[in-house]
Every structure is written in structure tokens, then in C-alpha cells.
Amino acid sequence: MIPAVRRYDFLIVGAGIVGLTLARELALRKLGKILVVEKEPEVGRHASGRNSGVVHAGIYYAADSLKAKFCVDGARRLLEYVDQHQLPVLKCGKVIVASKPENTQTLNTLLERARTNGVEAKRISLEELRELEPEAHSYESAIWSPKTAVIDSKAVLKKLSTELIQLGVDIQFGHEVRSIHPAEKRVVTSQGNIDYGFLFNTAGVYADRIAHFFDVGRNYRILPFKGLYWKATPNFTSKIRTLIYPAPDIRMPFLGVHITRTIDGKVLFGPTAIPAFGRENYTLLGGLDLLETPQIGWHLLRMLIGNPAGFRNYVREEMARYRFRNFYAESKSLVHALEPGDIGEFYKVGIRAQLMDVKKGRLEMDFILERGADSLHVLNAISPAFTCAFAFAPYLADQAQ
């Protein structure tokens, strides 16, 4: 337990992938005493430990975005870290298909972004697609991304935690932030008070709350979305060689239902991107907040009325996926032969910490950084934040110097 008051040069709130890689970067630079506080009893309880484990190549992101700036280098560094520490990795590649005829133009856009971002990707014919992934279905052509890989996210988080302790970083679990007093540079947690020189907010789904203590990010709030995954049956699992993704609606910060392999040999269908009514609403009623749930509902209603980037149609399609036959139809559009019985039991659920601009009534596509008094706030650290983290961390560390 932390004594009544301790002082650190750097305090990082949140022990997800962004917080841990940032702590590592600060420690390697030998910039001072570092503390990472996390409200959970261990790493990986939320987004960083519940994601698909996919190391993204950087195809999807607009060239002027922070996601594009850090994804390619982040993927390289992450895979180097995994190889260096002999952590599990599956270098299987990914195909992106036009699951509907109207999606073929999106493939052109993605290829242009790949070229601009320096990503190794190419258009392939349907014959080439059959050689790489016989099960995949597409119209006219597809995209092959050979550098896309899959890792064990929790293994990376645990290795980082061990390395940080060896580097002299303090990591304190079970420390929920209750209040922050920027003028005094003091954080009040459930386990005591902490004084800091500079604070980094990498709190994920709670990042907006932490930022608001500094009167920062008042135009934003987290609008959580729930991602559900189902596991393929063994018969179908044995047929899949790569990852199979649809060409997404690039107006939205979601990639659609896809088929992924896992490091332990499973094949998953998902995720959905259904609006959630709590920041930890992993089950039907669990994680609901009597004060916050109505606010989330109000913001969703505003977006449905305003309909930015076709949001109304998007939500209608996502909510339809709650019915199995619709989820099955979405999954079947990616592959030639999928029977309803090939989709097996429910596997896992995650919460996406999606940021909303409440004034403009729209979802934010990119990472957002805002400075406060002796602080930096990482807002909207959504996918591909895990992939970007090792390259993103030096950029974040620079902001405090």
C-alpha cells in the first residue's frame, strides 16, 4: 500500500498497453521516479487484455492521422519485442475482401492508404485469393496483407509488467483514482494520496473522467461499444489459414465482423460493435451505472437524430446482429461455405472506449491528445492502439520534456 503521501516525477494512470509502454520509455530514458496506478488487481482486465491480438499492418488509416503515423513502426517494434522475449506469435497474414459488390471501391481506397502509409499490401485476383485462403469469398479481387500477425496480448502485458519492475518502475494495483487536484499536483486514490511532477492519463475507457479533473477534454466523452466474439467449431477451424476481414465502412471507426485466428489455435467470428450502456457493461445488466446509463442513451439518441456519417444505418445493422441469423449472414458473406452449426459457443466480450465529440455529435476516428496543467491526456486510444504502442510511447514521452 502507498503511504499517505508519496511523490513521483511521473505518474501514469492506467496500466493498459499505452500506459505500460510509456512507463518503459520513460524508464529507459532514466528521467526520474515513475509510478503506474491501476484500479484493477492485475493487467489485462479491460481493452488491452480483451482485444483480438491482431497486429495491424496500417492499411486502414488516413495518412494525416496519428494512427497512420505510428501503426507501421509500432507493428515492427511490437513484433520485435515479441520475438526478443520469445512470446507466442502467429505470422499468418490477412486478406481483406469485398463481401458485397458495392465494397469493391473501398478496396481501392485501402490500397491507396497502404501505399501512402508505407504498408506492404497488394491487390490479388480471385485465383490468388483461393491459393492463400480457399475459404474466403470476394467480388472481383481482394487485398493481401502479409505482415498482419496475431499475438497473445496478455502475455505482452505481463512481460512488460515484469520488465518495468526490473527497470525500477513502481506499479500499484487496486488504486482507483477518486479525485485529482492539479494545483497541488496531488491524486487521491482508494489506497492513499500521491504527489507527482507530471501526470500521463492513459486510463482508456475512463480517460475522459481523468481529463475532466484538469478541466481538459470537456468537449469529449467516452461512448462505450460492446464487442462480442463467437468461437468456430473444430471442423470449420481446421479450414482457415489466415485472417479474413471485410472492406469496412471507412466513415466509421469500426472494421466490421471478421474471422480471426488466435494464438492457441481457435478461430473467432466477431466482433460486433453494439452500443453499450456502461463502461464495464460486459454482461446484459452488469456494469450499468444508474447515473451514466441515461447519459449514454441521450448521446446515442442525439447521434441517431443527427445521423453523422450514416450513423443511424450503422446502428440498425449492428443491432440486427444481436439475432443469430443476421450475425451468421454477416459472417457467411466472408467465406464460401459456412453452415449455421460452424459458429459455436460464445467466446468473449470487450468494451471499446470510443470517444465522442459531444458538441459536434460525432465519433472521433483518431487518437486525441490534450494537454492540461503538468499533464497529458490520451483520449480515444482505440484500435490499433495496441499495435501502435511501442512507437507511440516515445512520442508521448517527448511531450513531457
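Couple of notes before you dig in:
- Residue match in the range 196-207 (condition: open to solvent by 10 Å² or more (accessible area, probe 1.4 Å), modelled with pLDDT of 95 or more, assigned to a strand (DSSP E or B) and over 15 Å from GLY350 (Cβ atoms)): yes
- Hey, GLU102 over 20 Å from CYS71 (Cα atoms), exposed (fewer than 15 other Cβ atoms within 10 Å of the Cβ) and modelled with pLDDT under 95 or not: yes
- Qualifying residue in the range 139-147 (condition: aromatic (Phe, Trp, Tyr), within 26 Å of the chain's Cα centre (by Cα) and either under 23 Å from LEU268 (Cβ atoms) or open to solvent by 70 Å² or more (accessible area, probe 1.4 Å) (or both)): yes
- Applying a threshold of 6 Å to beta carbon distances and a minimum spacing of six or more residues, or different chains, the list of pairs starting in the range 165-194 at a residue that is free of Cβ contacts under 8 Å to residues at least 12 places away in the same chain and crowded, with 17+ Cβ neighbours inside 10 Å and ending at one that is among the β-branched types (Val, Ile, Thr) and outside any strand (DSSP E or B) is empty.
- Among the residues of the range 1-47, those identified as modelled with pLDDT under 95 and small (Gly, Ala, Ser) are ALA4, GLY44, ALA47.
- Search result, residues across the range 133-159 that are in contact with a strand residue (DSSP E or B) (Cβ under 7 Å, 6 or more places away or on another chain) and more than 12 Å from ILE96 (Cα to Cα): GLU135, ALA149, VAL150, ILE151
- The residues of the range 115-127 that are in contact with a Gly (Cβ under 9 Å, 6 or more places away or on another chain) and exposed (fewer than 14 other Cβ atoms within 10 Å of the Cβ) amount to a single one, GLY118.
- Failed criterion for PRO340 (all others in (1) over 21 Å from GLY53 (Cα atoms); (2) open to solvent by 50 Å² or more (accessible area, probe 1.4 Å); (3) out of contact with any Phe, Trp or Tyr (no Cβ under 8 Å at 6 or more places or on another chain); (4) not small (Gly, Ala, Ser) hold): (3)
Every residue, every condition in (1) out of contact with any strand residue (DSSP E or B) (no Cβ under 9 Å at 6 or more places or on another chain); (2) of a type in the set (Ser, Thr, Tyr); (3) closer than 22 Å to LEU363 by Cα, yes or no:
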| position | (1), (2), (3) |
| --- | --- |
| GLN166 | yes, no, no |
| ILE171 | no, no, no |
| ARG186 | no, no, no |
| TYR220 | no, yes, yes |
| LYS226 | no, no, yes |
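- Those residues of the range 383-401 which are open to solvent by less than 10 Å² (accessible area, probe 1.4 Å) and either at pLDDT below 95 or outside any helix (DSSP H, G or I) (or both), in sequence order: PRO384
- Per the listing GLU112, GLU80, GLU135, the residue uniquely within 25 Å of SER383 (Cβ to Cβ) and either buried (at least 16 other Cβ atoms within 10 Å of the Cβ) or touching a Pro at 6+ places or on another chain (Cβ under 7 Å) (or both) is GLU135.
The values are calculated or read from the model by the stated rules, or taken from the named source; none is laboratory data. Not measured: the values here are computed from a predicted model. Glycine gets a Cβ as well: all are built from the backbone with ideal geometry, and neighbour counts include every protein chain shown. Note: areas computed on protein heavy atoms with side chains; ligands, DNA, RNA excluded. Shrake-Rupley method; radii C 1.70, N 1.55, O 1.52, S 1.80 Å.
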